[in-house]
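Let me begin by presenting the structure, written as structure tokens, before commenting on it.
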Amino acid sequence: MSSRKKVVLLGSTGSIGTSTLKVARDIPDRMELIALAANRSVDALVSQVEETKVGHVALWDEEAAEQASKRLGSSVNIGSGEDGLIKLAQLPEADMVIIAIIGTAGLRPALAAIEAGKDIAVASKEILVMAGEAVMKAAKKHGVNVLPIDSEHNAIYQCLEANRDRAEVSRLILTASGGPFRKLPADQLGDVTLEQALKHPTWEMGAKITIDSATLFNKGLEMIEARWLFQTPMSQVDVIVHPQSIVHSMVEFVDGSILAQLSHSDMCFPIQYAVTWPERVANSLEPLDFAKLAQLDFEAPRVDDFPALRLAREAGETGGTLPAVLNAANEVAVDAFRNRKLSFPGIWQLVEAVMSEHTTITEATLEQILEADAWARTTSLSRLAAGS
Ligand SMILES: NC(=O)c1ccc[n+]([C@@H]2O[C@H](COP(=O)([O-])OP(=O)(O)OC[C@H]3O[C@@H](n4cnc5c(N)ncnc54)[C@H](OP(=O)(O)O)[C@@H]3O)[C@@H](O)[C@H]2O)c1
């Protein structure tokens, strides 16, 4: 079976969004973009519409949507706000909705897509961290697939194969580059500057995820993401540092065999796999040349110096509202660090303080999770304002 998938792309102007356009250019027989959405990047969105000729767009920001409307004219349907995104996510002709919005704004559009019977491909790890249980339950109920775009989870998805019995799996092993401070002595982490944290050794990504990679919160979020995507207990989710970012993750089976997925560190690989799954198709991406790979290294993460992994394990094991609190406090902390209002270690200190203050609801409804998210943001901001 081969088909040309009609794809809605939410978050088209970001790093994952622009890589998705590249994939669409590379495999035009298999993929057609039919709708694009962003927050407020009008110029970028308008030029993407000119290229892709999509008939539907949405901008979260109303003013930006008005500007886009003036520039694009009546041949394109333009929506705004959450409703605008939800309409795109439920377009009758769509086969798949890609969620590549930074943060949690993609949660309701993702749930709306699922309710409309669309497969979703998720880059926005924050929504799975926050509400992974609800998203996976909804997907099961409506019989739709949730394809991971995050390279680690995409790798695990590939290693697990469809319908692999989970009882045969003993561990999911997420690889981490270790970030730019992998070798920095613990007593120098307090001096880390924003510019240093924004220099990722192996991946080119948006600013928020780049800072998360430096603190290792990115890997912490991915541990919780894996827990929900693959319905695996946190005790079976491990992390290993692999500075070259060539092995994207591994699955260990009960017989001791380990399967890994390898490729260059280019998000076009996992994006294409999510779009063409369950098939594989040829593309113009550069394959790995083993003879040119100098070496592949692995080492244990520095959990004591980078507490993000410990905090994420605690949040993932406890479940309920705690992962949403970790995620929201981290978003506020990263924002404060980017505005030079918080030190680098201040990021995990703030997250830990807000998590300790939270009374977790373990069997939480989606509303309670959203309330916990809002509570964590307000509490983090008050702590920042009070300088604690
Ligand atoms: N970059 C990577 O390599 C990578 C790898 C794995 C996973 N991820 C995950 O993918 C997601 C996107 O990351 P990124 O690096 O691509 O981020 P990014 O470069 O910062 O782009 C974010 C995108 O989201 C859009 N956006 C933000 N708020 C929105 C809203 N309320 N409504 C609609 N659109 C909104 C932005 O639009 P504007 O341009 O208008 O602001 C932009 O298109 C994140 O969850 C990240 O963790 C990224």
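So what J values fall out for the range 108-114 if you push phi through Karplus, 6.51 cos²θ - 1.76 cosθ + 1.60 with θ = phi - 60°, rounded to Hz, Gly and Pro as x?
Running phi through 6.51 cos²θ - 1.76 cosθ + 1.60 with θ = phi - 60° gives 5, x, 5, 5, 5, 4, 4 Hz.
Rank by packing, highest mean first: peptides 68-74, 286-292, with packing defined as the count of other Cβ atoms within 10 Å averaged across residues.
Top of the packing list down: 68-74, 286-292.
With just the Cα atoms defining each centre, how far is the range 13-69 from the range 119-133? Give it in Å.
Measuring centre to centre over Cα atoms gives 21 Å.
When the Karplus curve 6.51 cos²θ - 1.76 cosθ + 1.60 is applied with θ = phi - 60°, which whole-Hz ³J(HN,Hα) does each residue of the range 233-239 get, with x for Gly and Pro?
x, 4, 5, 9, 10, 10, 10
Does the range 207-263 come out rounded, prolate or oblate by the C-alpha gyration tensor, with a ≥ b ≥ c the root eigenvalues, rounded set by a/c under 1.5 and, if not, prolate when a/b is larger than b/c and oblate if not?
The shape class here is oblate.
What is the Cα convex hull volume of the range 138-243 when expressed per residue in Å³?
Convex hull volume per residue, Cα atoms: 124 Å³.
Residue farthest toward the positive end of the dipole of the range 271-388, with Cβ of Lys/Arg at +1 and Asp/Glu at -1: which of PHE290, ALA385, THR360?
ALA385
On alpha-carbon atoms, Rg over Rh for the range 240-295 using Kirkwood Rh?
1.00
Using the Karplus equation 6.51 cos²θ - 1.76 cosθ + 1.60 (θ = phi - 60°), what ³J(HN,Hα) coupling, rounded to whole Hz, does each residue of the range 208-215 give in order, writing x for Gly and Pro?
Result, rounded to whole Hz: 5, 5, 5, 5, 4, 6, 6, 7.
Could you list THR359, THR20 so that the one with the fewest beta carbons within 10 Å of its beta carbon is first and the one with the most is last?
THR359, THR20
Amide H to amide H under 5 Å from MET31: which residues, 5+ apart in sequence or cross-chain, H placed 1.01 Å off N in plane?
Residues meeting the amide H criterion: LYS5.
Just add up the charged neighbours of ASP266: K/R +1, D/E -1, any other residue whose Cβ is under 10 Å from the Cβ of ASP266.
Local charge sum for ASP266: -1.
Taking 8 Å as the Cα distance limit and 6 or more residues as the minimum spacing, I'd like the relative contact order of the range 115-263 as a percentage.
Normalised by residue count, the contact order of the range 115-263 is 34 percent.
Where in the range 213-287 are there GluC sites (Glu not before Pro) that are in a DSSP coil and have at most 13 other Cβ atoms within 10 angstrom of their Cβ?
Of the GluC sites (Glu not before Pro), the ones in loops of the range 213-287 whose Cβ has at most 13 other Cβ atoms within 10 Å are GLU279.
Over the chain, what is the percentage of antiparallel beta bridges among all DSSP beta bridges, to the nearest 5?
25
Please name whichever of ILE224, VAL122, VAL169 sits farthest to the positive end of the charge dipole of the range 110-229, dipole taken about the Cα centre and charges placed at Cβ: Lys and Arg +1, Asp and Glu -1.
Final value for the positive-end residue is VAL169.
Note down the relative contact order for the range 319-383 as a percent, whole number, built from C-alpha pairs under 8 angstrom at least six residues apart.
Worked out over the range 319-383, it gives 53 percent.
Divide, for the range 5-148, the radius of gyration over alpha carbons by 2.2 N^0.38 Å, where N is the residue count.
Scaled against compact globular proteins, the figure is 0.96.
Which of LYS6/LYS70; LYS208/LYS292; LYS87/LYS219; LYS22/LYS199 have a Cα-Cα distance over 28 Å?
Beyond 28 Å between Cα atoms: LYS208/LYS292; LYS87/LYS219.
With the Cα gyration tensor of the chain giving a ≥ b ≥ c as the square roots of its eigenvalues, does the rule (a/c under 1.5 for rounded; else a/b larger than b/c for prolate; else oblate) give rounded, prolate or oblate?
In terms of gyration-tensor shape, rounded.
When only Cα pairs under 8 Å and 6 or more residues apart are kept, what is the percent relative contact order across the chain?
15
Run down the lysines and flag those whose C-alpha is under 17 Å from the C-alpha of LYS141, throwing out any fewer than 8 positions away in its chain.
LYS118
Taken together, the values in this text are just the output of simple stated rules run on the coordinates, not laboratory data. As the structure is a prediction and not an experimental result, all values here were calculated from the model. When we count neighbours, we look across all protein chains shown, and the Cβ atoms used for this are built from the backbone with ideal geometry, even at glycine.
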